[in-house]
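The values are calculated or read from the model by the stated rules, or taken from the named source; none is laboratory data. Quick caveat: nothing in here was measured; it's all calculated off a predicted structure. Note that we place each Cβ from the backbone using ideal geometry, even for glycine, and neighbour counts take in every protein chain shown. Surface areas here come from the heavy atoms of the whole protein model, side chains and all, with no ligands, DNA or RNA. Shrake-Rupley method; radii C 1.70, N 1.55, O 1.52, S 1.80 Å.
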Amino acid sequence: MSKALIIASRNSKKLAELRELLAPRGYSLVSLRELDPQGRLEIAETGRTFRENALIKARAAARAFERPAVGEDSGLSVVPLGGAPGVYSARFHRLTTAELRGLYNAYPGGEPLIADGLDPDRLNNVRLLAELEGSKDRRAFYTCALALVDAAGKALFTTRGEVHGRLGDRWAGGGGFGYDPLFHPEDSRLTYGELPPEAKRATSHRSRALRRFLAYLDEVRR
Ligand code: IMP
């Protein structure tokens, strides 16, 4: 029988990646999609670090469901942008229409992005390309923080994983999610958008954090 963990997330792409990493180890995830299908539990991500946000999410779920819970927070830090968007990775695209038009016109690939239905991941990538226009320094890294709290919200364990790489000047590939079509991990010629999912699973910030988390669970369950 698989061991179920409550996770304070509704991000389906993130959940799919975590489930694929956990399933071989006999763990399943119960997410807010199942526990709170109406979306009543609103969690304000007010932390200044990925770890703080992971703890905020875990505590909100633990309190709501009176069970131990896991929180995950992740994002992209871009070296020439001083670490932005960092904890604002999911919200990077929140721009005025005027700003967005400017960015769209500035986009070097010239794809019809606005006609795409304003997909937030795409808009984040547009914004990122515009912010980096002309920058030779393309260094960036993903961070994933995981936190486990008990039913009372007390932190039991926190960890993080990172993967460093560089950002391309146009997006490539439809795999992964978020900034993956721009992100070349380590020395890869291909982006996470182009690489097969198993290549992302082997090196990603999420898998690195999760390996540490599983080592902790193995230890406490011994
Ligand atoms: P969160 O759900 O508040 O943790 O926001 C995470 C955001 O960081 C996502 O919306 C993406 O923009 C970005 N992100 C985190 N992990 C990844 C990844 O594995 N690939 C691409 N983007 C990611």
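Net charge near residue 187, counting Lys/Arg +1 and Asp/Glu -1 over other residues with Cβ under 14 Å of its Cβ?
Numbers: positive: 138, 139, 166, 189; negative: 186.
Overall, the nearby charge balance is +3.
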* Structure fact -> Of all lysine pairs in the chain that are eight or more residues apart or on different chains, those with Cα atoms under 17 Å apart total 4
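For residue 59, what charge total do you get from the other residues with a beta carbon under 14 Å from its beta carbon, if Lys and Arg give +1 and Asp and Glu give -1? Let's see the in-between values first.
Numbers: positive: 51, 57, 63, 67, 154; negative: 42, 45, 52, 66, 72, 73, 150.
Spelling it out: positives minus negatives among the neighbours equals -2.
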* Structure fact -> The answer for GluC sites (Glu not before Pro) in segment 110-214 that fall in a DSSP coil and have at most 15 neighbouring Cβ atoms within 10 Å is 133, 186
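Report, in debye and to the nearest 20, how large the dipole of the chain comes out about its Cα centre when Lys and Arg carry +1 and Asp and Glu carry -1 on their Cβ. The partial results should precede the final answer.
On the way: 35 positive and 28 negative charges, 135 e Å.
Dipole about the Cα centre, nearest 20: 640 debye.
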* Give the accessible surface of the chain per residue, rounded to a whole number of Å², with probe radius 1.4 Å and ligands, DNA and RNA excluded. => 51 Å²
* Asked: Once the Cα atoms of helix 12-22 and of the chain are each reduced to a long axis, what angle between those two axes, in degrees from 0 to 90 to the nearest 10, is obtained?
  -> 50 degrees
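Can you give the local net charge around residue 9? Use residues other than it whose beta-carbon is closer than 12 angstrom to its beta-carbon, Lys and Arg +1, Asp and Glu -1. Numbers along the way, then the final one.
Numbers: positive: 10, 13, 14, 19, 33, 57, 206; negative: 17, 34, 36, 45, 72, 73.
Here the count lands on +1.
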* Asked: At what distance in nm do the modelled label points of residue 33 and residue 202 sit from each other, each positioned 7 Å from its Cα along Cα→Cβ?
  -> 2.7 nm
* Using a 1.4 Å probe on the protein chains only, how many percent of the accessible area of the chain belongs to carbon and sulfur? -> 50 percent
* Asked: Based on the Cα coordinates of segment 4-220, what is the per residue volume of their convex hull in Å³?
  -> 123 Å³
* Asked: Gaussian network model of the chain, Cα springs within a sub-10 Å range: biggest mean-square fluctuation belongs to which of 120, 185, 68?
  -> 120
* Could you please put 158, 191 in sequence from largest to smallest accessible area, using a 1.4 Å probe? => 158, 191
* To do: Return the single residue from 47, 86, 193 with maximal mean-square fluctuation; model: Gaussian network over the chain, springs between Cα atoms under 10 Å.
  => 47
